[in-house]
Each structure stands twice: as structure tokens, then as C-alpha cells.
1. For the stretch 118-135, enumerate the residues that are buried (at least 24 other Cβ atoms within 10 Å of the Cβ), assigned to a strand (DSSP E or B) and either of a type in the set (Asp, Glu) or at negative phi (or both).
2. Scan (1) assigned to a helix (DSSP H, G or I); (2) among the hydrophobic types (A, V, I, L, M, F, W, C); (3) farther than 19 Å from Trp331 by Cβ for the single condition Phe99 breaks and write down its number.
3. How many residues are buried (at least 19 other Cβ atoms within 10 Å of the Cβ) and in a loop (DSSP other than H, G, I, E, B) when one looks only at the stretch 194-210?
4. Across the stretch 304-324, which residue is nearest to Ala216 (Cα to Cα) among those that are assigned to a helix (DSSP H, G or I) and not aliphatic (A, V, I, L, M)?
5. Output the qualifying pairs, or none if there are none: Cβ atoms under 9 angstrom, residues six or more apart or on different chains, first residue in the stretch 459-470 and under 20 Å from Gly214 (Cβ atoms) and charged (D, E, K, R), second residue part of a helix (DSSP H, G or I) and at pLDDT 95 or above.
6. Being aromatic (Phe, Trp, Tyr) and either in a loop (DSSP other than H, G, I, E, B) or surrounded by 23 or more Cβ atoms within 10 Å (Cβ to Cβ) (or both) is the filter here, so list the residues in the stretch 30-87 that pass it.
7. Scan the stretch 407-425 for residues that are crowded, with 17+ Cβ neighbours inside 10 Å, among the hydrophobic types (A, V, I, L, M, F, W, C) and farther than 22 Å from Arg291 by Cα and jot them down.
8. Please verify whether Asp281 is of a type in the set (D, E, K, R) and within 20 Å of Asn444 (Cα to Cα), treating the condition exactly as stated.
Amino acid sequence: MTTTTGLTGLAGELQWLDATAQAELARRGEVTPVELVEAAIDRIERLNPALNAVVTPAFDLALDAAREVGGSPFAGVPFLLKDLAVEWAGVRFTEGSAFLGDLVSRHDQELVVRLRRAGLVLLGKTNTPEFGLLPTCEPALFGPARNPWDLSRTTGGSSGGSAAAVAAGLVPMAHANDLGGSIRFPASCCGLFGLKPTRARNPLGPAYGEVLAGMAVEHALTRSVRDSAALLDATAGLDLGDPYPAPPRRRPFLREVGADPGRLRIAWSATAADGVPVHPDCLAALGDAARLCAGLGHELVERDLPGLTPAVGVAIGTAWRAAVAWIVAYWARRRGREPRDGELEPLTRVWWEEGRRLPAADYLLALDDLRAFARVVARFFARERIDAWLTPTLSEPPVPLGEIVSTPDWPLRAAERSRGFVGFPAVVANITGAPAMSVPLWWNPAGLPVGIHFLGRFGDEATLLRLASQLEQARPWAGRWPVPGPG
């Protein structure tokens, strides 16, 4: 593959290849798994000081694994785990919180087992906000992850460290999870493809059966659509003891890549929730995407999403505070004590205290309201014969670091500022369990990515992947990298 003799030269040549291409080079014997991993380590050591994307390196474990990797779909491809929800035995696990700062995991999550089985080599853990609670990645414990397109801007959150690592080419793809947009927000901010799968498509065990009534899902941030599809093929499926399965796929997801999506009926809306103003760049990106889809032969109809009433907003807030109370209680039980002063960030502490004062009945009533809303959305898709609902992913381009951060004197500051950033209801995909994706189709005049969001039908990743692949071919983004980039 290369005539360079230095590792940095090889690392640079591999930097811009997706995971499928790197795996193919290894299969053909043009590079070894160890060389792939060593090249990724080289990139991390050179570029991560500017990005702060990787917070817990595990390079010795990675090199050992690379020497033993077998012939799997992604044999030898370097990969990073987000430091949230997914445990890796023997490696520090913090979830971005000082409360967990010295914790070392004692078990592997099932997802980690499946990632290894696919041949991926885990190099370490990526930065995340405390307990993944914010749409930015600026934890007090580690400091902010920085966007490779502009180091003064947010990566989005909560999978911000993973997004920065993939966008800068440290690794070709990285683990991410999503409870309200945490795959899709950083995909938008960092110019990546971010697919949020259907509820229960990937396993959450053994630590969890479900999280917040099925709202949380696991997957990854990728450069290419084919990587996302192939990875989902490798990890999806019911685990022993799971409370319920996702609807079965008709065929491997990778076979949807390049398949003709047919003429889809795509609804679109420029209206953000609660009257949040939408930045002109996001409206421009939406208009561009609608024209692109229409030019590809799809039917575009303007429709606002029904059912987003104030009562649904209250239910989301109630469920969220209950979830924070559960998170802290879960870790308090694991650690044998409650958090001490200074071990939780100001906003987390407020939400924790509010959540543990909630009556259990209020939480269950909130779930009833959210499930009723999910039925409204499902009937809307069926009645209007909608294949996908199109909006901007975010209501603003990536904001400057420091804007979505709380202080002891203003603990709700980050929550209040977030509303103007995440004005479009990405959480609908989590409430309904439906798949959704952010697609990198547009960059603003300042060179910042502005993602485009598609909400699909429940269980129908196939349509989204076919559409994403068609968009990727029509408007290729593989050659768009941060220039001059970090380092």
C-alpha cells in the first residue's frame, strides 16, 4: 500500500479511509492489524492533545488484541468506546463524572463482546459530558472535547469525544449512544453520519435491560453509510434476558447500501419546538436537502409533526429528571455511598434532587403520556403515507465552547441555553423507538457542518439506509475533512 518508512506516513495515509476500506487492506495483506492499530495510536498521540477526544487510552491492551485478531468483518480496525453506559473489563469507567472517577469496570457489556467478535480493536474511551446529560461535551472532569472543524466550537453531545475522534480521522468509526439525540447531535456538529437504530436493535446487557422505557440505544458514529450498516449487522440482535426484541430485519443492513430506495414520500418542517428560533444556516441546509431529495425523484410535502403539546413537554421533563435520579442511584448503589459535595456538576445535582422528589406515579403517568404521543406520531406516518420526516438536526450550527455550561451560581444555565440549540425534537425518535439519522449534506460559509435529520418508521432502518446511501452518492462527503485540521 505504501512506500513510506515512517509510522507517521502510514498513519496519515490510513487517516482518511473508512473502516471498510481499512479492513479490506488488512484482508489483502497490504497492512497488518498491528499496523492499523499502531497508525491509529500515532494519530491519537499527535492530534488528541488539541482535541481532547480520548480521555482513557488503552494502547497496550489494543496492541495485544491486534496480535490475536481473527478473520472477522472489521479484523484489525481501530475503534474507540464512548465512556458512557458500555463497560470494558479492566478499564477506567467514569461517565464523565468525578463521582465515578476511580472506578474500574469488572465486566464487559454484551456490545463490547460483539464489537470484538467483529474484529474491532478497542484503543480507549472517549470524552462525554457528565452522565451524557447535555448536547455538548464539556465535562468538568476532563474539560471540553474540541470540534476539528473549529477548535473553539462544540462537538455536540453527548457522544462528542467519539465524534471529534472520527471527524479528525483518529479512528474510522467510534461507539456512540443516544437517549435524546446524542448520536445525531455530534454527527451534525462534526460532519459525520449518525444513525440512531430502532429501539432494542442493539443489546444493553448485562448491566441494563432497557434505559428509560427503551429510549436509549447503542450504535456508532461513522464517516460512511456502509460502515454504519455493516457495524449494525455485526452487533444487532437479541441478547439472553433482553425484555423485548426489535422487529426483525428483512435482510442484512449492508445490502440496503446502494439499493434503490424508490420514490419516497418525505415530509419536511422548518418549525422548531416551542417556537425556538431557527438559525438561517439551518434553514438554508434544510432547503438544500429538500431540493436535493426532490431532484432525486422523491415527493416532498410540508408537514409539522402533530401532538407536541405542552403536556408532552412536561412528560419529557418528568421522565428526564426521573432518569437522572435513577442514574445517580444506580452508581450510588455500585459505590456504596451517595455523591459528596463537588462530585456532581451543578446541573446534575439539581436534576438529581428534583428527580428523587418525584412520586413514582408521576413518572409512570409521564410514560403513559409519552406512549400516547408515540401513537400519534405512528398514526401520522401511516395516515400521511410518510416514509421519512425531514428537519435540520439542530436549530443552530455548532456553538462556541462555554455557552452550554452551568455554574454553581447558575446551575440551570446549560439546560436553558440548550433549548435554543436543540430546538428540533430529535427526542421523538427515542420516545417512539423509531430509527433516525443525521446526514452531513451542508456546510455553512464559516466551514461548519450543519446536519440534516430524517426520522423513519419504527423498525425501518432499511429505508433510511437506502436513502442515506443515495444522498451519499449524490452529494459525496467522504472528501470533506477539517482543513487544515488539528495538529
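The values are calculated or read from the model by the stated rules, or taken from the named source; none is laboratory data. Since this is a predicted model, take the numbers as computed values, not measurements. Here the Cβ is made from the backbone with ideal geometry for all residues, glycine too, and neighbour counts use every protein chain on show.
1. Val121, Leu123, Lys125, Thr126
2. Among (1) assigned to a helix (DSSP H, G or I); (2) among the hydrophobic types (A, V, I, L, M, F, W, C); (3) farther than 19 Å from Trp331 by Cβ, the lone unmet condition for Phe99 is (3).
3. From the stretch 194-210, those buried (at least 19 other Cβ atoms within 10 Å of the Cβ) are 194-204; that's our starting set.
Filter once more, keeping what is in a loop (DSSP other than H, G, I, E, B): 197-204.
So the count comes out to 8.
4. So in the stretch 304-324, the residues assigned to a helix (DSSP H, G or I) come out as 310-324.
Next, only the ones that are not aliphatic (A, V, I, L, M) stay: 310, 313, 317-318, 320-321.
On the way: Pro310: 23, Gly313: 18, Gly317: 16, Thr318: 16, Trp320: 12, Arg321: 15 Å.
So, considering only residues that are assigned to a helix (DSSP H, G or I) and not aliphatic (A, V, I, L, M), the one nearest to Ala216 (Cα to Cα) is Trp320.
5. Glu461/Ala229; Glu461/Leu232; Glu461/Phe253; Glu461/Glu256
6. Initial filter on the stretch 30-87 (aromatic (Phe, Trp, Tyr)): 59, 74, 79.
Within the stretch 30-87, Phe74, Phe79 qualify.
7. Restricting attention to the stretch 407-425, the residues satisfying the condition of being crowded, with 17+ Cβ neighbours inside 10 Å are 414-415, 417-418, 420-425.
Retained after the next criterion (residues that are among the hydrophobic types (A, V, I, L, M, F, W, C)): 414-415, 421-422, 424.
Across the stretch 407-425, the qualifying residues are Ala414, Ala415, Phe421, Val422.
8. On the way: of a type in the set (D, E, K, R): yes; within 20 Å of Asn444 (Cα to Cα): yes.
So Asp281 fits the description; yes.
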